[in-house]
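The values are calculated or read from the model by the stated rules, or taken from the named source; none is laboratory data. What you see is a predicted model, and the numbers here were worked out from it, not measured in a lab. So basically every Cβ, Gly included, is an ideal-geometry build from the backbone, and we count neighbours across all protein chains shown.
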Amino acid sequence: MKTKVNIGLLQFAPVLGNIALNIRKINHLLEKTSGIDLWVLPELASSGYNFSSKEEALRYSEPLNDSLFTKFLIKKAKALNTLFVSGINEREGDKIFNSAVLIGPNGITGHYRKLHLFNREKEFFEPGNTGLPVFNTPIGKIGILICFDWMFPESWRLLALKGATLICHPSNLVLPYCQTALPGYALTNQIFVASANRVGKDNDLSFTGQSVLVNPNGEYLLKGSPHNEEILSYGIDLSEASNKQMTPFNQAFADRRTDIYSLHEKDFNPMVQMEKRRLRIEVKQTIQELSFDERLSMSQNIMTQLEKHSYFQKANTIFIYWSLPDEVQTHDFIKRWMGKKKFILPKINGDQLELREFTGISDLKPDEKFHISEPTGRLVNDPSLIDLAIVPGIAFTSGGARLGRGKGYYDRTLPLLNRAFKVGVAFPAQIVKDIPTDGNDVFLDQVITV
Ligand code: ACM
């Protein structure tokens, strides 16, 4: 994956109710550009912002699958070999959403609808119903927030916990506070923030410009002018946002006291959740049909394959699990390699998995809730020490998608292991064609089966 990337901010003044003219303005600003990996455009860049009625807002909205604006951006993404995150006035039936699209040379690859509507937007737009997705792109994981969403720290935190290294922020800011607040969000979440604001006036509303790019230290890398239409760009290394370590003893995410407070994402896509529940039941049943001896012999085969890979041979520190009867068995493997490799096992603490050193089988203690044997060794403060992660699950695709037990422990933990090669281990009955995803789910580098 390319992590050294050029980010572009396109700051302009969309004209209210003139999609064709806004396309021409954007096209003009992009004319002499090249080498930008991702452009961020303002909120409602297609239509302008300050509508006088819902009817007017509706008139300048477009369905995503039949939109002059997205067609134009797709064409530009192809021509410039780039990605766009842009605000758009989106129509669905007789409803409209203040939305953003992620667009690449192959079309629309991401879609987000503003959760927190500002002021009179509440008269025109439906509140967002896409949750807070994180999109896998060729340059890494990207989250999107739109303008007033910035006021809600939970949105930033959730996207960052879900692995976003860059949050793109199409905006039409009328107040001057956001540009000052963004370094705080970038710093506390150790992420990059790219905020493209508009300039100019829409009827009686003025917008504050000063689009910014901020790094994980909370430093401005770019800051636009308050009034001018302009493009700004800067080269960054997105891998800087994968390392959450702050001191040898402090890790921005792992240090959260989730035994005291927590942040849970709700099931925002009931269809996806339902399909996952169905798949879990179906796969669990087929595992139950295997005898324990069959599971043990397949597990031996899987672990022998794993041992042949260079990522295993080179690994010093391995994150693994102490298997339950219905999982690929790891006990013999751990016994065989203990002393030669350093093993780290998970221990549940609140809604997080703690990483603890494995110090011997007799030191394992069952947890009170799930009766899983858990390590009692030293807490590992720096997850970037882990070279290899061996991950259980209920179901996997051969492409690396994973379905867990539904609590999200691994989806929250795996993004912290920024250096680790991540391998899923699965009985053949656990390999499925497709796993529905709502953007929370972590992808593995490889899945090994019999
Ligand atoms: C805003 O959310 N457009 C201020």
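Observations, loosely collected:
- Test: residue in the stretch 58-65 that is among the small types (Gly, Ala, Ser), free of Cβ contacts under 8 Å to residues at least 40 places away in the same chain and in contact with a strand residue (DSSP E or B) (Cβ under 7 Å, 6 or more places away or on another chain): yes
- Residue, nearest to the chain's Cα centre (by Cα), within the stretch 374-412, restricted to residues that are surrounded by fewer than 17 Cβ atoms within 10 Å (Cβ to Cβ) and within 21 Å of Thr359 (Cβ to Cβ): Asn381
- Search result, residues across the stretch 90-116 that are in contact with a strand residue (DSSP E or B) (Cβ under 7 Å, 6 or more places away or on another chain) and among the aliphatic types (A, V, I, L, M): Ile96, Ala100, Val101, Leu102, Ile103, Ile108
- Scan of the stretch 157-212 for residues that are buried (at least 21 other Cβ atoms within 10 Å of the Cβ), under 23 Å from Val15 (Cβ atoms) and of a type in the set (Val, Ile, Thr), ordered by number: Val199
- Selection of the stretch 59-74 for residues being of a type outside the set (Ser, Thr, Tyr), under 17 Å from Leu102 (Cβ atoms) and part of a helix (DSSP H, G or I) yields Leu64, Asn65, Phe69, Lys71, Phe72, Leu73, Ile74.
- Odd one out for Asn418, checked against (1) assigned to a loop (DSSP other than H, G, I, E, B); (2) touching an Asp or Glu at 6+ places or on another chain (Cβ under 6 Å); (3) crowded, with 17+ Cβ neighbours inside 10 Å: (2)
- Residues (polar (S, T, N, Q) and surrounded by 14 or more Cβ atoms within 10 Å (Cβ to Cβ)) located in the stretch 39-80: Ser46, Ser47, Asn50, Ser61, Ser67, Thr70
- Single unsatisfied condition, Lys308 versus (1) over 30 Å from Arg257 (Cα atoms); (2) surrounded by 11 or more Cβ atoms within 10 Å (Cβ to Cβ): (2)
- Failed item, numbered, when Glu154 is tested on (1) touching a residue at least 60 places away in the same chain (Cβ under 8 Å); (2) of a type outside the set (S, T, N, Q); (3) not in a helix (DSSP H, G or I): (3)
- Among the residues of the stretch 1-35, those identified as in a loop (DSSP other than H, G, I, E, B) and among the polar types (S, T, N, Q) are Thr3, Asn18, Thr33, Ser34.
- Residue that is more than 16 Å from the ligand (Cβ to nearest atom), of a type in the set (Asp, Glu), at pLDDT 95 or above and surrounded by fewer than 20 Cβ atoms within 10 Å (Cβ to Cβ), where the choices are Glu123, Glu154, Glu92: Glu154
- Pairs with Cβ under 7 Å, 6+ apart, first in the stretch 211-231 and among the aromatic types (Phe, Trp, Tyr), second assigned to a strand (DSSP E or B): Tyr220/Val212; Tyr220/Val214
- Just one residue in the set Leu182, Leu159, Leu132 is part of a helix (DSSP H, G or I) and either acidic (Asp, Glu) or more than 15 Å from the ligand (Cβ to nearest atom) (or both); that residue is Leu159.
- Residue in the stretch 95-120 that is nearest to the ligand (Cβ to nearest atom), counting only those that are closer than 19 Å to Trp156 by Cβ and of a type in the set (A, V, I, L, M, F, W, C): Phe118
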